[in-house]
Each structure stands twice: as structure tokens, then as C-alpha cells.
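Here the structure comes first, spelled out in C-alpha cells, and everything after it is commentary.
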Amino acid sequence: MTGFLALELRRSVRDVRYLVIAVAMPIGLYLLFTGLFGAHGQRALGLPQPVELMVAMIAYGAMWAVFSTTGPRIAHERAIGWTRQLRVTPLRPAAALSGKLLTALAAALPAMALVALTAVLSHHVQLSAGQWLALLAAMWAGVLPLALLGLAIGYLAADDIAFPATMALYFALGALGGLWIPLSVMPPAMQDIGRALPSNSVAELGWRIAGGQASVPRAVLVLTAWLLGSATAALLAYRRRNTRSAH
Amino acid sequence: MASARTDPIPTSQPEPEAARQAGGEQPAIRAAGLAKSYGPTVALAGLDLHVAAGETVALLGPNGAGKTTTIGLLVGLLHPDRGQVRVYGRPPSQAVAGGLVGAMLQDAGLMPGVRVGELLAMVRGLYPRPLPPGELVALADLGPVLGRRADRLSGGQAQRVRFAVAIAGDPRLLLLDEPTAAMDVQARRNFWAQIHRYTARGRTVLFATHYLQEADDAADRVVVIAGGRKVADGTPAAIKARFGDQQVRFTLLQGSPALLAALDGVRAVDRDGPRVTLRSSDTDATVAALVRSGLGWSGLEVGGGDLETSFLRLLAETS
């Protein structure tokens, strides 16, 4: 199991799709947006522009990190028969499944940390050590529902559908979740939708912590609901593929 | 999570070394009355299969005979509708979890995005008593490709890596589902040489094939299945005599057709006008007898017996 996990991780850091979209793109967008909108304006929740955007891009990068290491990858492994081959080794199916989940969560960390580092280096974003720790830990835990959603897609979608489907979901969650432009400038109906999305809730956790507000009941509630839903979906999708059928 | 590795596997853990040594006592495969249907399609209709430890057995049959379903049941990927199967006395999934079984499945692939050497190291790590790395690389002839990406290999290289993945854990039972289907003659010969090196270590092999010649070359025993049932079980020589009819064809120019059935080796005579097809168990003897017979003939052809035809004939006889 540890060997399996180690190899999955090693493979992830070589994956160009992961490196470019999950790591390089949020950093690039961060620099672009702070350049376009100016580093001194204020955005959501009264946070300085560089901080607000940092949190948004941490959420954005983490989201693709967990999506790219689950949905398209699992669908492809099913299609080429690696999943079947692995099932005739002593690796327990539950261990293989949790290995996928851990890999996804681990892949989110560098994507998140590098955006934070970029913010510190380019715009001298300053938070207390406790805030940094709480921000990264809370947002990291917050992407768990998204990782489970990725697993569900991986076990349900066909190989040729999984990548575009994941990509579409990623853009939709990013745009509608207020990671590109703040929810506050959107029409009220869109704001309601946005606040119900896990992408917005993950960012909300970070914004609140960066703004010194500890209490974030709405985001926690939304993420818990998504966690229950996506865990159920992932489990059902996995069982659908792994009981009494060979696929 | 970490428990996946440290959890004792109840059925494999208490296995004493003595029992392992005496593995010859325990049959590698014991299956009785296996039945499996996919909706209205019957894949297996009550298959009995017994394979002793150390045997190399061919599971021979035409496409759709139930070979792949049988292999799927033996590794626990499928569950029988009826009947029971034990691998070294255990349910298949437990035998797989205990590292007793390795398999080369049809259309099973390799982990993408990693090097061959990394992949094999990971797979070895999943087994309690894997083959030493050097031995594995030598057995599967993989030296030159260890540094290559597993998803960027030629067909033949990928097949060798898939074989290596199957034997990495040094399984006591190796299952191969039409392992040479996509190989040319030379690759096929090399592959069987590798299998022989592996079985020389006292391992048990069951392989599915639809080539009678392959079953004859590689197996100690041949189990023939058709229509989801066992229709024959015996030595390659016995199976070949029963299924391996060759054909001698020619146009009869002069002489009595009644003489044809008496030629050496002839088991059946088919006539289509002057064109004659003799089914023969020994085409050399049949042709020699034809030459001596004084019959007039032209357009002689000697051809391989068609296994599908043999099966159809056999099924017609048994039903």
C-alpha cells in the first residue's frame, strides 16, 4: 500500500496536465489578476486584493489538483485495464480506492502552497503563523468533497468523457463559485447559487481566516452537505464498477 | 489505510511452512458445477475443473466457449451463479489476496505514467514473497526496457511487462488468458520459453487458448471446453488425435470413390462432385496410400484441421 501510494504520488508530480493547470495556472492567474486590478484595491469581505485573490487561486489550484488526479485518471485506468490487473494482485480494493483519495489530497498541497508563496513574494502578503496554518489546513480539508466528486466521475464516466467533463465542472465551479470575479458583483440569484457551491465555500473558509474571522458556519455546512453527497456518489459509483462485473 | 498492508490476512497468515512444502497435496484448482450467465447468454453451464499443483494445463476451446469467464471466476473478478471454486483450498479472492495467484488477463493494461522498473518494484511490494528483482527481469527478459515508460512500449514489450507483473509475486498458480493472441510466431515461441522457465520452478499454470497446436506444445494436460462445458480432458496426444484432424483434398479423376474410405488414416470422406475432402488423423500416411492406390487424382492440397469445425462436430455428436 505505501509503495502503491508512493508511486501514485511520483507519477502525479510528473503529470504535465497537473503541473500546468493545477500549479502553474493559478500562479499565473494570480499575477495577472493582481496586475490587472491593482494590488491595493479591496475585494470581497474587505480583504486587500492580493489576499482575496491568493485565497481564490489557492482554491482554484487545489480543485484542479484533486480533479486531475481522480476523474480522468481513474476513467483511463479502467479503460486500459489497469484497474482489472490491480484487482488480481493482493492490493485490497479499499486500499486502492483510499490510495487514490490520498494521492488527490496530497497533490493539492503543492498547488496551494506555491500560490501562497507567490503571494508572499510578489505582494508581501502577511498573515500570522496561526492564520497561515489554519488557512491552508481548513482549505485543504475543504477540497475533500471535490476529491470524492472526482472519484465518482472516474468510476462513472467513460475515458473519452471524463477529461472534458472534469474540465467543464472545474471551470463552472471556478466561475460560478466566485473564484474569478467576486460573487458580490454578480446578480442576486447567481450569488445564491455561488454560495451553495463547494468551490466558493472552500475559498470562504480562507477569506474568513485571512480576515481574522473564525466563525464560518455557512461554508462548513455547505461543505459538509457536499461531503456527504459526494462520498455517497463515489461509493455507489465504485460499487457499481466493482461488484459482480468485470469492469 | 496503512492497515491494508499490516492487517493479517486471516487465511494466509497461519499457513505453516510445512503445508507450503506439501503444496502437492492441495489441488491448485478445484471447481465443481460452475455456472455463469450474462442475462440470457449462458457462458458456463456446469464446468468441473481440477488442476493439481505443478501441472501445466491448457484450457482449449473456440471463442465464446467460456474460457475468459472461467479465468474470471478463478481470480474472483466474477462470482458463479452456481457451483463452487477453490484455489489452493480457498475462495479465489482470498487466494488472490494471499498472493498465491498471478494472472495475465485479456485486455488488462499497465499503470500509465510510470517507468517499467518502478511499476515492477511497486507490484513486487504488494506480495508477501516476491521474486527477487534480478530473477524477475531475467525471466521476463526485460533488461532493456526497465527505464522506459510503461505506457510507451511496443506491443511485444508491453506483453512481456504484463507477464512480469503477473509473476512478480512468485505466485504458485499462474493464470494466462490467451496470452499469445496478438503475438507473431517468434514472439510466441519466446513467450512459451519464458513460461517453461517459470514452471520449471514447480509452479502451476492454467492457460486459455484456442490454438490446438499451442495446447499441444505447452501443456501437460488439455481440458477442452465448448458451449460452457467440459467436452474432453486428456493428454495433448489424446486430444490431438480426437480434435486435430487434418484434411487432404483433391479432384478424383478416375477410380472408385468407395476405395477412399479405406486409405490409411482416413476418418471421413466428403465429396462435392469430383472434389474430395478426406479427414485424416495422419495426412502423411493418407497421401502415401493415395499415391499407391492407383486412383487418378489432381490438385492435391493438405491442410490444417479447423478446430472450430472439430468442436462443431463434437458438439453435434454429444447432443
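Where a number appears in this text, it was derived from the coordinates with a stated rule and is not lab data. For clarity, every value in this text was computed on a predicted model and none was experimentally measured. Every residue, glycine as well, gets a Cβ built from its backbone with ideal geometry; the counts of neighbours run over all protein chains shown.
Rounded to whole numbers, the Karplus 3J(HN,Hα) couplings from phi for region B:111-118 are 4, x, x, 10, 7, 4, x, 5 Hz, using 6.51 cos²θ - 1.76 cosθ + 1.60 with θ = phi - 60°, and x at Gly and Pro. Counting only other chain Cβ atoms within 10 Å of each residue's Cβ, the peptide A:91-103 averages 3. Taking R0 as 22 Å, what's the FRET efficiency between B:TYR38 and A:THR232 from their Cβ-Cβ distance, rounded to 0.05? Rounded to the nearest 0.05, the efficiency is 0.20.
Excluding residues on the same chain fewer than 8 positions from B:LYS36, give the lysines whose Cα lies under 29 Å from its Cα. Partners found: B:LYS67, B:LYS230, B:LYS240. DSSP bridge analysis restricted to region B:95-231 gives an antiparallel fraction near 25%, rounded to the nearest 5. Working ranking of peptides B:257-266, A:84-93, B:32-41 by packing, defined as the average number of other Cβ atoms within 10 Å per residue, highest first, is A:84-93, B:257-266, B:32-41. Would you be so kind as to identify which of A:MET167, A:THR83, A:VAL55 lies farthest towards the positive end of the dipole of region A:49-197, taking Lys and Arg as +1 and Asp and Glu as -1 on Cβ and the Cα centre as origin? Of the options given, the answer is A:THR83. Between the listed residues B:VAL248, B:ALA182, B:THR277, the Cα displaced farthest toward the positive end of the dipole of region B:178-308, a dipole computed from Cβ unit charges relative to the Cα centre, is found at B:ALA182.
Enter the mean number of other protein chain beta carbons within 10 Å of the beta carbon of each residue in B:104-110, as an integer.
Partner-chain Cβ atoms within 10 Å, mean over residues of B:104-110: 6.
Taking each DSSP H run with n ≥ 4 as -39500 (n - 2.57) and averaging over every residue of chain B yields -9500 deg cm²/dmol at 222 nm. Between amide H atoms placed 1.01 Å from N, distances below 5 Å from B:ASP233 occur with B:VAL224, all of them 5 or more places distant or on a separate chain.
Converting phi to 3J(HN,Hα) with the Karplus coefficients 6.51, -1.76 and 1.60 and the offset θ = phi - 60°, region A:6-23 yields 4, 5, 4, 5, 4, 5, 5, 6, 9, 7, 5, 4, 5, 4, 6, 7, 7, 9 Hz in sequence order, with x at every glycine or proline.
For chain A, calculate the relative contact order in percent as a whole number, restricting contacts to Cα pairs under 8 Å that are 6 or more residues apart.
25
With the cut-off at 1.5 for a/c, could you classify region B:13-172 from its C-alpha gyration tensor as rounded, prolate or oblate? It comes out oblate by the Cα gyration axes. Looking at the protein assembly as shown, the DSSP beta bridges with both ends there are about 70 percent antiparallel. Each of B:VAL269 and A:ARG239 was given a label point 7 Å from its Cα along the Cα-to-Cβ line. The distance between the two points is 6.7 nm.
With the convex hull drawn around the C-alpha atoms of the protein assembly as shown, the volume per residue stands at 201 Å³. Ranked by the mean number of other Cβ atoms within 10 Å per residue, highest first, peptides A:152-162, B:145-155 order as A:152-162, B:145-155. The mean number of Cβ atoms from other chains found within 10 Å of a Cβ in peptide A:74-82 is 4, as a whole number. Relative to the Cα centre, the charge distribution of chain A, modelled as +1 at Lys and Arg Cβ and -1 at Asp and Glu Cβ, gives a dipole magnitude of about 840 debye.
Around the amide H of B:GLY46, modelled in the peptide plane, lie the amide H atoms of B:LEU34, B:ALA35, B:LYS36, all under 5 Å away and 5 or more residues distant in sequence or on another chain.
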